[in-house]
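The structure appears right after this line, and notes come after that.
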Ligand code: NDP
């Protein structure tokens, strides 16, 4: 396994001009390796390379770009095991989940290769025709987080390239190695300068957000950072796609199959140890089945084996970093002080590693921190309800509006309830799954714009309306 010591700028591996930073393995808290840190000059060089490469890349045919993406997918497949192991070491998730992340990301590249930008004829008569075309924006800056590092990088990078843009990427300082290695693996499939990666701390993301040579920022991360990016991007009116936090609610009606619902709810709440923007983060259960469902939830949650993601049999890894671990420990203390009841979990594991077991808590106030804040970790609050109107109000209370679900044997009724949720995606009888054809994005403070499918692709373009006067 290789932990790259270099950045990737203008088709070449480049030594960092701003030293290195240590990256920890969250399962052991030991330094994994030192990662290169770009200087602000190197950010400028990456942007200049991308600007220059754009002049050719924008004029390649759609077919050429599709073929490039398909070759990239083949290369990722060849290196799948290596990429998965890098992800486990730097991110912490169990190997099986990392393998699924790499396979899913590769499939996503192939799907994106097949997407097409439409030319719409919006008016035509004997004398005139009006067509709406889609043109690439220029240089896209991609800023990614540490939770699904490779998958999210692919979600940003591939539609940008497919639409004819060039890209400068900045991974999270906590998880840079998958990106640095990926670019070495796939770089040869693209002309120099089309993709570039500069690693570093938040100041690199800030420099990219302010940079006059970047035309769009696509960002996945916290709401607070999303707002900073929006402010910084105003200088040259950058286009923005912001995928920010969620505080997704699920409402469980009394007619559900308890066994089935428990399996689905635990999978959705602890996806990636709860570190998923569209994980299920608040569970409202009808009071008639509250106790019975809680019993099943605990049984499913306790099947998890918590530990180092490289150990055989481990299904539940650490949370990713000390900041997140400290925050979650604070939430556990708050629950304890407020008199909440832990049905399972509730205490971090002793020893090294940011290990918090699957935790289910009841007897919490609907306005307590664990319900109102985005925990982004393996702590699930369960709240009983008996009034549907009240629960819809509670669902819509937080500032976030990413996703929500309703669980019921009556699918039509469930849909009618979920249509009242203020969020960008709803699910019936499952939660948090995305699909490459389906637009995904948040309402309220969960973000701006959508990713995936044709609508997602169009976010990497601007409209050119062509008015044509017919001759003869
Ligand atoms: P951030 O939003 O701070 O980080 C995400 C990315 O933004 C990282 O690459 C980060 O770099 C970069 N960044 C940091 N500051 C700036 C800036 N001023 N301008 C531009 N880019 C910047 O997330 P955190 O790591 O702080 O996580 C905190 C919380 O965010 C979590 O608890 C969770 O609630 C939420 N989150 C949501 C995610 C999602 O998928 N929607 C993913 C991750 C976090 P660097 O890491 O080097 O600082």
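If you go through the range 311-356 and keep only what is within 16 Å of the ligand (Cβ to nearest atom) and in a helix (DSSP H, G or I), you end up with 322, 323, 324, 325, 326, 327, 328, 329, 330, 331, 332, 334. Among residues that are within 30 Å of residue 449 (Cβ to Cβ) and modelled with pLDDT of 95 or more, residue 362 is not included. The set of residues from the range 234-271 being closer than 18 Å to residue 315 by Cβ and surrounded by 24 or more Cβ atoms within 10 Å (Cβ to Cβ) comprises 265, 268, 269, 270. The C-beta contact set for the range 244-257 (first residue farther than 16 Å from residue 221 by Cα, second residue assigned to a loop (DSSP other than H, G, I, E, B) and within 16 Å of the ligand (Cβ to nearest atom), distance under 9 angstrom, 6+ apart or interchain) comprises 249/398; 249/423; 250/431. Please find, within the range 389-412, the residue that is nearest to the ligand (Cβ to nearest atom) out of those that are farther than 30 Å from residue 146 by Cβ and loosely packed, with under 15 Cβ neighbours inside 10 Å. Once the filter is applied, the top-ranked residue is 393. The criterion of being at negative phi, at pLDDT 95 or above, within 16 Å of the ligand (Cβ to nearest atom) and in contact with a strand residue (DSSP E or B) (Cβ under 7 Å, 6 or more places away or on another chain) holds for residue 167. Residues in the range 341-369 that are buried (at least 22 other Cβ atoms within 10 Å of the Cβ) and either free of Cβ contacts under 8 Å to residues at least 24 places away in the same chain or closer than 25 Å to residue 244 by Cα (or both): 354, 355, 356, 358, 359, 360.
Annotation: residue 405 fulfils all but one of (1) free of Cβ contacts under 8 Å to residues at least 60 places away in the same chain; (2) touching a strand residue (DSSP E or B) at 6+ places or on another chain (Cβ under 9 Å); the unmet one is (1).
The values are calculated or read from the model by the stated rules, or taken from the named source; none is laboratory data. Worth saying up front: this structure is predicted, and the values here are computed from it rather than measured. Methodologically, a virtual Cβ is constructed for each residue, glycine included, from the backbone with ideal geometry; neighbour enumeration extends over all protein chains shown.
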